[in-house]
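Written out below as structure tokens is the structure these notes cover.
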Amino acid sequence: MREIRAGRAAAECAAVAALLILLSGRGRADEFFPVRYENPLIRGLYLPLPSDSRLTDGMNLSATLTITNTINVENRPEESSFVDGESDALRLTYENSLFQSWRYRLTLPVIHDSGGILDSVISDWHRFFGLPQGERPFYPENRLVYFYAGRGRVDVTQSQTSLGDISGETGWFAADDAHRTLSFWGGLKAPTGSAAKLTGDGAWDGAMWAHGAIRWSNWQMAGELGIAQPFGDEVFAGAAHKTSAFARFAATRTLGSVWSVRAQLDGQSARVEDSEIRLLGPSLELTIGAVRRLGQRWRLEFGFTEDAAVNTGPDITFFLGLRRQSGAK
């Protein structure tokens, strides 16, 4: 199973790269996609979006839509989970300079859960390429069930829309020039979402992380390493009130003045204490996508994310984002 999933990701990566190689131009690529872990059971726990700015950037605005479809069934002696549904999340961000070496960012998420419309598309995709269907053939299409019992209880079966937890982050840039960036960030999330709808954990959460990037003429490499700390937990009866670590790495290849392609790897440690459910444990996800510059100030970003470590994340997440940068100071 792991070999098949790895081969599928590699084939999709090659297909995206081959398509975009046909396009021309030169240009500056950015470092990370503005995506995060979309597992519906623990999306309410604070995990900041990647840092993706230069100290000399002006005001940045972005809107990113993610569509996540998954079915995951797991039973353990003291726990059980059943996650079957589709989640649409719109994340709006505003970022700007604060002081000479500082920047800040605000993020507002809006999340909609439903049975969705992609179940048959994903099943047809699996059949066409001869890929395993997993649990999909055994359950009805286009239904919503988010269930967990063990360390707390989750039971969502009705379509819903809810504001998520609003977060704010501040970063200090220790170094930033054309070839490298080193910055240190801290963030805080407010309990504006709903623990019952899994769009929040009912508590204030915090995070700290370091960001580093190296740039060449046609390549960019970037990495982040940090920790997240919930200050409470109303979803898993306090079992998710634990410190976790997260890391990201991205490699971007500029194809010209207009296009670039990127592979991004995101991982985190377990978020729920003593859980044996894989969806609540350590995760590793691979994101493949492209960036299309639209003039001097706009960028269009799109791609998909899959669980690089099987059953540690949603089956697939598609994303489409639009960013506007006001220009260098």
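What full-extension length gain, to one decimal in nm, is calculated for VAL110 and MET208 as 0.36 nm per residue of separation minus the Cα-Cα distance?
Full extension of this stretch gives 32.9 nm more.
Which entry is the computed log10 I(q)/I(0) by the Debye sum over Cα atoms at q = 0.06, 0.09, 0.13, 0.14 Å⁻¹ for this structure: [x] -0.32, -0.65, -0.99, -1.06; [y] -0.20, -0.46, -0.98, -1.13; [z] -0.32, -0.62, -1.07, -1.16?
Entry [y].
Can you tell me the mean projection area, over all orientations, of the convex hull of the range 197-239's alpha carbons? Units nm², please.
Here the figure is 4.6 nm², rounded to one decimal.
With the dipole of the chain worked out from charges on the C-beta (+1 for Lys and Arg, -1 for Asp and Glu) around the Cα centre, which of LEU265, ASN60, VAL156 lies farthest toward the positive end?
Going by the charge dipole, the pick is ASN60.
Once phi is turned into ³J(HN,Hα) by the Karplus curve 6.51 cos²θ - 1.76 cosθ + 1.60 with θ = phi - 60°, what whole-Hz value does each residue of the range 295-304 show in order, with x for glycine and proline?
These are the phi-based 3J(HN,Hα) values: x, 8, 10, 10, 9, 10, 10, 7, x, 8 Hz.
Under 5 Å between amide hydrogens, which residues at least 5 positions from THR199 or on another chain qualify, with H placed 1.01 Å from N in the peptide plane?
It is SER194, by chain and number.
Which angle from 0 to 90°, rounded to the nearest 10, does the C-alpha axis of helix 2-21 make with the longest principal axis of the chain?
30
Taking the dipole about the Cα centre of the chain, with the C-beta of Lys and Arg at +1 and of Asp and Glu at -1, give me whichever of GLY281, THR70, THR254 is farthest to the positive side.
Checked the options; the winner is THR254.
For the residues TRP185, TRP219, what sequence is obtained by ranking on other C-beta atoms within 10 Å, fewest first?
Ascending Cβ contact count within 10 Å gives the list TRP219, TRP185.
Per DSSP helix of 4 or more residues, -39500 (n - 2.57); summed, then divided by the residues of the chain. What does that give at 222 nm, rounded to the nearest 500?
That comes out to -3000 deg cm²/dmol.
May I ask for the percentage of alpha-carbon pairs in the range 188-276 that lie more than 17 Å from each other?
I get 61 percent for the Cα pairs in the range 188-276 exceeding 17 Å.
For each of TYR104, TYR148, TYR139, count neighbouring Cβ atoms within 10 Å of the residue's Cβ, then give the residues from fewest to most.
TYR139, TYR104, TYR148
With labels modelled as points extended 7 Å from the Cα through the Cβ direction, what inter-label distance (nm, one decimal) is found for ALA245 paired with MET221?
Taking the simple label geometry, ALA245 and MET221 are separated by 2.0 nm.
Just want the answer: with Cβ charges of +1 for Lys and Arg and -1 for Asp and Glu, which residue in LEU198, GLY171, MET208 is farthest toward the dipole's positive end in the range 168-217?
LEU198
Quick one: if you stick a label point 7 Å off each Cα along the C-beta vector at HIS179 and ASN142, how many nm between them?
5.7
I'd like the FRET efficiency for PHE99 and LEU320, computed as 1/(1 + (r/R0)^6) with the beta carbon distance as r and R0 of 41 Å, rounded to 0.05.
Taking R0 as 41 Å, the efficiency between PHE99 and LEU320 is 0.75.
We did not get these values from a lab; they are worked out from the coordinates using the rules stated. Just so we're clear, the structure is a prediction, and the values are computed from it rather than from any experiment. For neighbour counting, all protein chains shown are included, and Cβ atoms are generated from backbone atoms with ideal geometry for every residue, glycine included.
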